[in-house]
Structure formats: structure tokens, C-alpha cells
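Heads up, the thing below is written out as C-alpha cells.
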Amino acid sequence: MGTTTWGVTLGVVLARNGIDVSLWARTEKEASQLRNGRYNLDALSGVVFPPQLSITSSLPEALAEARVLILAVPSQKMRQNIKAAADCLNSSILIVSAAKGLEVDSNKRMSQVIADEVKPAFWPNICVLSGPNLSAEILRGLPAVAVVSAWNEMIARKAQKLLSTPSICLYTNSDVIGVELGGALKNIIALAAGIADGLGYGDNTKAALLTRGLTEITALGVALGANPLTFSGLTGLGDLIATCASPLSRNHYVGVELTKGRPLEEILKSMDNVAEGASTTIVARSLAQQFELEMPVTERIYQVLYEGLDTRQAALELMEAEARHELVGRRWQLFSLFRR
């Protein structure tokens, strides 16, 4: 489910590996356009669908013999999509979230949103797919690594076996909270990295920003029950590096464009795909306030996005922050975890 660039990419890559894939389109018109090679997304220009990839606008048809349902939809559309599919599921289908965001208003992770809308008997089958995965590189067949996470290691291994391809190496992890938060929260830091690049700051600045951002992400993750070590892995540090360093990153692009004085709404409307960092910033800030956590990068990005703070002023304020021990922050649990 999901005719986003990431959704189509996953479908194409799996089909190239000889797996029968059904790609669900919301309307028959969209399905027909895709069958005829007419894409609304520039990133997919020239992509040829393998014979194993079929396209349908019928959810019952798409899910009739499915072993895995991959939800590659924008995070704010996850609930309505899984709700639409819920009646077509059975207890043997793995449900994999490939979205990297948090739901505004509920502050929930995608696996929690999915659990809200499916029968409790299906909860063990919920998995999360995340990692440093830029669609354009994966479509070219370049090597990539990702993580599939589930509370039950056996379920994660089952998904790993079904979804691994010669070009995508899949690891497993049972820390669902950490894997999801790493994939979602790094988009906020990518916005900041784009701002730093747009302002012409150097690699020293970006290195500091990524490191402080990762510490901030870890602090919130620990508060929400994640394993801090997860954030040093592929779905934390790995995804952070790819998203903050690559011009292919949508969130990095938004950050750069903000330094040109363009309004956020205008930037987002001009894009083919969703930049999840904009909505994730709202949720992360809300969670930080709920737990009384210091998250200075997130706070400044929120102010830039929604309160009109100038990007250069935001950067100056971050640099002028009081320096203490790097693992200490208000209500952070990191210092006690790592201190010898």
C-alpha cells in the first residue's frame, strides 16, 4: 500500500527478486496510469515495472493471497490506510510499516497506529522497516542495508527472510520503539542539517549538529522506553548520516529552501513526496514538553517552521546554548546510563 516513491521502489525491488507483488492504487485511474508507465513522481521517471509487479485498485484482490502487507504511506495517512485494509487481513499476514513519522495529535508511532486499527490477534505480526534507505539509490540497484523490527524475534526473522534481496541486506532488531523513533526523529535533524548547509556552514558545524541531534534523539527515545544502543545502529546513526548528508533527502532539501526565505507551506506544496520532518517536529516537541526534556535542536526547528524564527538566528541561538557535560540535559537519563 502506497504509491509513494518509497512504496513503488520497494515493490519494484522485491519484484525484481522474483517475488509476486501487488501494488495498490487508490483509484482505478491511478492504477491505469501506473500500468501504462505514467508516473506523477519525477523520481520514478524511466522505471520499468517487472512482470512480477501487478497494480490494482482493489484491496481484496491485492491482499487475497498476500503473505506480507507493506504500508509505505505518509505517516499522517497511516491510520486511514490500515483501517481500509483491516477487514482483508488474516492472522498469517505480516504487517510491515515502512513509514518514518509520528502521528500528530495522538503522538503515536506507526506500529501503535496500526495496532489501534487491527484485531489484537494480529498485533504480534506488526513489524517496522527502517534504515538508511534513499529510494533513488535502491532503484539503481546500489547496495543498501535496513532493519526489520518486531517484538517477537521469530516474526522479525520471518519478515527478514521474505523481504531480503541481493541489493538490500536486512538485519533484525526487537527494539521496535527505538527503530521507529530513530527513523522518525532523524528527519528533524535533517531539516537542521539542510539549514546549516543553506547558510554555508562547514563540516565542523554539521558534525556537531548531527552528534548533538543524535544525543537529543536518544534522550527522548530512552524516556519512551527504547534501548539507547539502538540509536548507534543503522536506524539511528546510519539513517541520520544518510538523510543529513545526501541531496536526495527531502527533509534536507526543505531545510535548504527555508534559508532562502521560502514559506514552509510553499516548499511542501512544491514537492512530489512528503517531508516527514515537518509533522514529526510537532510531535517530538509535544513529547519533549510532556516529559520535561530539553530538546534544543527540535525546539529551534519548531520555531523556524511554525513561529517564524529566522534560520540564521536559530543557528546562533543553538551555538550560544550553555555548554555542560554532553550527556546531561534536563530530565535526560543518559548520564546515569553511561557514567562509570
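The values are calculated or read from the model by the stated rules, or taken from the named source; none is laboratory data. Just so it is clear, the structure is predicted and the values come from calculations on it, not from any experiment. Glycine gets a Cβ as well: all are built from the backbone with ideal geometry, and neighbour counts include every protein chain shown.
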If you scan segment 174-205, which residues turn out to be buried (at least 24 other Cβ atoms within 10 Å of the Cβ) and of a type in the set (Gly, Ala, Ser)?
GLY178, GLY182, GLY183, ALA184, ALA190, ALA192, ALA193, GLY194, ALA196
Subset of segment 49-68, residues over 23 Å from SER32 (Cβ atoms) and surrounded by 17 or more Cβ atoms within 10 Å (Cβ to Cβ), comes to VAL68
Residue in segment 256-274 that is assigned to a helix (DSSP H, G or I), touching a helix residue (DSSP H, G or I) at 6+ places or on another chain (Cβ under 7 Å), among the β-branched types (Val, Ile, Thr) and closer than 25 Å to ALA146 by Cα present
no
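Return a yes/no flag: does segment 259-266 have any residue that is within 17 Å of LEU102 (Cβ to Cβ), without any contact (Cβ under 8 Å) to a residue 24 or more places away in the chain and under 21 Å from the mean Cα position of the chain (by Cα).
Of all residues in segment 259-266, those within 17 Å of LEU102 (Cβ to Cβ) come to none.
No, that holds for no residue.
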Is segment 311-328 home to any residue that is at pLDDT 95 or above, under 28 Å from ALA99 (Cβ atoms), in a loop (DSSP other than H, G, I, E, B) and not aliphatic (A, V, I, L, M)?
no
Across (1) surrounded by fewer than 12 Cβ atoms within 10 Å (Cβ to Cβ); (2) outside any loop (DSSP other than H, G, I, E, B), GLY308 clears everything bar (2)
Of the residues in segment 118-154, those that are more than 14 Å from ASP175 (Cβ to Cβ) and either in a helix (DSSP H, G or I) or outside the structural domain of GLY11 (by TED's automatic domain parsing) (or both) come to PRO120, ALA121, PHE122, TRP123, PRO124, ASN125, SER135, ALA136, GLU137, ILE138, LEU139, MET154
